[in-house]
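Asker: Okay, here's the structure, questions in a sec.
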Amino acid sequence: MRFLSIYKTVERNTPPTQQETTAMGKLIEEGMKAGWLLATEGCLPTALGARVRRSSGRISVTDGPFTESKEVVGGFAILKANSKEEAIELVRRFLQIAGEGECELRQIYEPQGGEHDCPQSSDRAEVALKA
């Protein structure tokens with residue numbers, strides 16, 4: 001199974017320290033070699049970004065920084081794990097190094113079949129009727 005881990009934290013406008021960079025580099029190297037880390041990237045400050053939104057058929061663009069946000073996406077990782085519980089343990093290890101913040105963990109849809117395939121349209125209708 002693959003999982004997307006979205007790291008959310010209070011925005012930081014200073015680069016990581018050498019100690020933080022070294023510790024994270026070791027974890028990334030270990031994860032890549034072991035095969036449980038498939039991809040990862042950190043994000044630059046929101047001042048360099050933009051939000052693009054579609055609402056009522058109109059597109060709007062808001063340039064950063066996003067000061068109204070208490071937490072912003074600081075980065076992401078794609079993890080390979082045998083279960084949600086294993087993915088949670090991998091994220092716990094990451095947070096021990098990354099520091100304050102949270103990770104939203106979402107299983108990635110894999111069309112070849114699996115335990116948590118997206119329901120078919122008829123299944124969704126049944127779920128909606130039961131709600």
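Throughout, read-outs are computed from the coordinates displayed, never taken from laboratory work. Predicted model only: the values in this text are computed from it and were never measured. A quick note on method: Cβ atoms are made from the backbone with ideal geometry, for glycine too, and the neighbour counts reach across all protein chains shown.
Asker: Work out which GluC sites (Glu not before Pro) in the chain are exposed loop sites (DSSP not H, G, I, E or B, at most 12 other Cβ within 10 Å) and give the longest gap free of them.
Answerer: 1-67
Asker: Continuing with this model, one more query. Under a no-solvent Debye model with one identical scatterer per Cα of the chain, what's log10 I(q)/I(0) at q = 0.11 Å⁻¹?
Answerer: Debye intensities relative to I(0), on a log10 scale: -0.55.
Asker: Please give, to one decimal in nm, the separation of the simple spin-label points placed at PHE76 and ILE59, each 7 Å out from Cα toward the Cβ.
Answerer: With each label placed 7 Å out from Cα toward Cβ, I get 1.9 nm.
Asker: Given points 7 Å out from each Cα along the Cα-Cβ axis, report the PHE66 to GLU89 separation in nanometres with one decimal.
Answerer: In this crude label model, PHE66 to GLU89 measures out at 3.3 nm.
Asker: For n ≥ 4 DSSP H runs only, could you compute -39500 (n - 2.57) per run for the chain, divide by its residues and tell me the 222 nm figure to the nearest 500?
Answerer: Calculated mean residue ellipticity at 222 nm is -10500 deg cm²/dmol.
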